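Comments concern the structure below.
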Amino acid sequence: MRDDRIEAKREADALDEPAEEARELAERLGLEPYPVRYWVVDHDQMNELIAYGGFQRRYPHWRWGMNYERQRKKDRHGLGKAFEIVNNDDPAHAFLQESNAAADQKAVITHVEAHADFFANNEWFGLYADRGEGGPNAAARLERNADRIAAIAKRADVDRDEVERLIDAVSALEDTIDQHSPVDAARSVEEPGIADDVSGDGDDALDAIEARIDDLDLSEEVRRDVFDDEWLEARGEGVEPEEPRPDVLAFLRDHGRRYDPDSGKAVDREPWETTVVDAIREEAYYFAGQKQTKVMNEGWATYWESLMMGGEGFAGEDEFLTYADHMSRVLGSPGLNPYKLGFELWTHVELRAARREVIDKLLRVDGVTPENFHSRIDLDEVATLLEPHPAVAGAGPATLDELADLAADGDPRVDAEAVDRALSARREDGDGASADGEEIDVERYPWKLLTREGLAERHYVLSRPEHRGALRNVSRETLEEQARYLFDVDRYATVAEAIADVDRAAGWERMFEVRESHNDVTFIDAFLTDEFVREGNYFTYEYSRAAEEHRVASVDADDVRKKLLLRFTNFGKPTIVVLDGNFRNRGELLIGHRYNGVALDEERAKATLKRVFELWGRPVNLATIRVEYDDGAVRRAKRRGEEPEGTEVGVRFQYDGGEVTEHDLDESIRERITADEVDYDTKPDDWLA
C-alpha cells in the first residue's frame, strides 16, 4: 500500500470514534439523519469530487475537467479550501480531506450529520425520489446515467462530438425544470391541444387537420402545393399550453426535434438523444433540492455543528481555538453568506418559538394582562427561573451525585441508566469502565448523562447571554395578539409556577417543523421579520445611475425580504416558461421570461436561445421586457441627483439557425409574462453586504 493511502487509512481509523459519537449525540438531540459513510481523501481526490458535483463518477463531458482545474487553482492559491463534501443519498456519503486538523474533522462530521438529517426530512428533497421506495439512491442513478451516456458516446454510429453538443444544450437549460413538482410529473400531464400524445408525433392533431383539408374539396395539385408535408408536420406537432408551462426541458423532450443542416429541416431525434435529455434532466432534479434550500440547509448544519462542537464540548480543550477560528471564517465570509444568514434565521425561529411559549405561560398568571405585563412581571426573576438546573448545565463527573438524586426522583432530564453506569465505574476503579465493561467517558461526552429534554434545557435559547433581554423587547401589540388565543385554562398563581411549566424544547420543536416543509423562498418570506432585519443590520443596495455606483437603498424589512426572494426564486435564475409550441401557426417555439422588474442579461439570453434551437429543431422565440433609458433624461437626472425614469419595452428575440433577430413584442404576450407583484429596478450579484 502506498504511503499516502496508509496515512489516509490511519486518519480514517482515528475518525471512527468521533463519527460514532457524533451520530449518537445528533440522535439524542432529536436529529434523524440518513446513515453516513465517511471517506478520507487527499487534495486531488477532493478537487475531483468537487468537479463531479460530489460524486465519484459522472457522464463523460469536458466541463468536469474545467471544474477540476478551477478548483485546483483555488485550492493552490488559498482561495477556497473544501473541508468536506456530503451528498443527498441513503446512505449519505461524506468525503473528508485528510489534511484537515483534528478539530476541523470533528467540525465537518457534526456538520455532515445535520446535513444528512436535512436530506432525510425536508420534503423538497423528496421530489427527486420517493423515500418510501429505498431512498434517493443517487450514486447508483448517476452512475447508471454515466454508463448509458458513455456507451452512447462509444457507439460506431454516433459522433461523440454530437453527444457533447447535445449535453451542452441540455445543461444550458438544466434550471428550466419545474422544481415544485416531482421529477416524473411531466410525463403524466395531458397537454392541452394534444390528446394523449406525449411522444411529440402529434398523430391525433394531424388527423384532425387532414380531415379539415379534405372538407375543402381541393384539387390534388393545390393540396400538394399549399398543404405540403412540412406544413402539416409543423401544425401537427405544435402544442399550445393554456397556461405557461414551467418545465421547459420536459416540453422540449416531448415535442422537440433536431435540426438537420443538410436538409435544412427538423428531423426526428434518435432514441439515444432522448436518453441523454432524460438523464441530464433527472440529475437536474437531484441538484434542485440543494439549490432550493442552500440557506436553510447550510444554516441548519451550522447551527447543530455549533451546538455540538462548542455547546457540548465535542471540540476538546486543545482543539477549541482551531474550531473557533474555523467557524469565524465560515460565518465571516463576505457577500451573501448562506451559512451566516441561515444560522441567524434558524436561531431567530428558535428564539421566537421559545419566547412565545414563555409569554403564553406568563399571560396565564393570575392578574397579568397585555396592558400590565411589563409592570407586573419581574423579567429579572423570569430570567433567573429560566436558567437551567445547575446539575444539568454542568453535567459531568462533578455533578454525578446531583444527577443521581434527580434520576432517583424520576426527573425526565436525566438519563438514569447512563448516570448509574458512570457511578458504577467510579466505584469500581475510576478508570471510566463500568462493571459490565462498557465504557462511558462522561468527562469527554457529558451529554450522555442527559436526555433530549435535559439537553434542550442545557442549551435553552432564552438563557443564552445574547438573548436574555428578548422578553423586554416584546411589544404590547404582540402581547395582545397572543392573548386573543388564550382560554381560561391552565391558570397559574405565581410566575414561578408558570415558568416551571415552560417547554424548553419548544424552540427546537418549531425548528424541526419548519425543516420539514420549507425551502429558501418560503423560509425567508416567513421568518425574515422586522426584528431580524433591525437586529442583524441588514439592508439592500442597488446601482444608482445618477451616482454611477452602488449605494444603500433601504433598511426596510419588506425591501430586504423581497430582494432576497428575487435572489432565491428559481435558483436565482430568470424564470422561463413555454408559452406556445406552434407560435404564429408555423411550428415555432415561443418561450417567455417571467419579468419581475429584473431584466435579462441579453447576451446570455441570446446564447441560450441558440441552445434551445438545438433541442427544438425549428425557429425559437424568446419574449421578455427590457428597461430603456433616454440619454437626455439620464443626464438631467444626474444633474439633479435623482434616478432617471426608464421605459419598459417588450422585446421578442428570434433564432432560426442564422442570426438572432429582434422584434417588437405583441401586447397580449407582454401581459402574459409580466409579474406585476414584483417591481424592482436592479439586481446586483449580491443584494446584501
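Annotation: amide H of VAL41 within the under-5 Å range of LEU96, GLN97, GLU98, sequence separation 5 or more or interchain, hydrogens built in the peptide plane. The simple Förster model, with R0 at 30 Å and r as the Cβ-Cβ distance, assigns PHE320 and GLU466 a FRET efficiency of 0.95. Ranked by how many other Cβ atoms sit within 10 Å of their own Cβ, fewest first, the residues SER517, SER668, SER554 fall in the order SER668, SER517, SER554. Look at TRP124, TRP64 and count the other Cβ atoms within 10 Å of each Cβ; fewest to most, that gives TRP64, TRP124.
Determine the gain in length on full extension of the stretch MET66-ASP44; use 0.36 nm per residue of separation and subtract their C-alpha separation, reporting nm with one decimal.
Taking MET66 through ASP44 to full extension adds about 6.5 nm, to one decimal.
Using a simple spin-label model with pseudo-atoms 7 Å out from Cα toward Cβ, SER475 and GLU24 lie 4.8 nm apart.
At full extension, ASP13 and GLU32 could sit 4.4 nm farther apart than now, given 0.36 nm per residue minus the alpha carbon distance.
Scalar couplings 3J(HN,Hα) for the stretch 155-171, obtained by applying the Karplus form with A = 6.51, B = -1.76, C = 1.60 to θ = phi - 60°, are 5, 5, 8, 10, 7, 4, 4, 5, 5, 5, 5, 5, 4, 4, 5, 5, 4 Hz; x denotes Gly and Pro. Using R0 = 60 Å, the C-beta based FRET efficiency linking ARG586 and ALA493 works out to 0.15.
Placing a label point 7 Å from the Cα of LYS606 along the Cα-to-Cβ direction, the residues of the stretch 649-664 whose backbone N falls under 15 Å from that point are 651-664. The modelled label-to-label distance between ASP260 and SER333, using points 7 Å beyond Cα along the C-beta direction, is 5.0 nm. Give the separation of the Cα centroids, the stretch 383-409 to the stretch 306-332, in Å. Cα centres, the stretch 383-409 to the stretch 306-332: 25 Å.
Taken one residue at a time, the phi angles of the stretch 276-291 give Karplus couplings (6.51, -1.76, 1.60, θ = phi - 60°) of 5, 4, 4, 5, 6, 5, 4, 5, 4, 5, 4, 7, 4, x, 5, 5 Hz. Gly and Pro are set to x. Subtracting the Cα-Cα distance of GLU643 and ASP664 from 0.36 nm times their residue separation leaves 4.9 nm of extension gain. Derived scalar couplings between HN and Hα for the stretch 362-367 equal 5, 6, 8, 6, 3, x Hz in order, rounded to whole Hz, by the Karplus curve 6.51 cos²θ - 1.76 cosθ + 1.60 (θ = phi - 60°), x for Gly and Pro. For the stretch 583-638 and the stretch 464-518, write down the distance between their C-alpha centroids in whole Å. Value for the Cα centre distance between the two parts: 50 Å. Amide H contacts of VAL365: TYR492, each under 5 Å away and 5 or more positions distant or on a separate chain (H built 1.01 Å from N in the peptide plane; Pro and chain starts excluded). What is the sum of charges, Lys and Arg at +1 and Asp and Glu at -1, for the other residues whose Cβ falls under 15 Å from the Cβ of PRO412? My count for the surroundings of PRO412 gives -4. Annotation: amide H-H contacts under 5 Å for ASN87 (H modelled 1.01 Å from N, sequence separation of 5 or more, or interchain): HIS93. Given R0 = 56 Å, the distance between the Cβ atoms of GLU417 and ARG636 translates into a calculated FRET efficiency of 0.10. Just need log10 I(q)/I(0) for the stretch 3-122 at q = 0.20 Å⁻¹, Debye formula, equal scatterers on the alpha-carbon atoms, no solvent, rounded to two decimals. The calculated log intensity ratios at q = 0.20 Å⁻¹ are -1.12.
Ranked by the mean number of other Cβ atoms within 10 Å of their residues, highest first, the peptides 469-476, 94-101 come out as 94-101, 469-476.
Laboratory data are not the source of any read-out in this text; all were calculated from the coordinates shown. All values derive from a computational prediction rather than experimental measurement. FYI the Cβ positions are ideal-geometry reconstructions off the backbone, even for glycines, and counts take in every protein chain you see.
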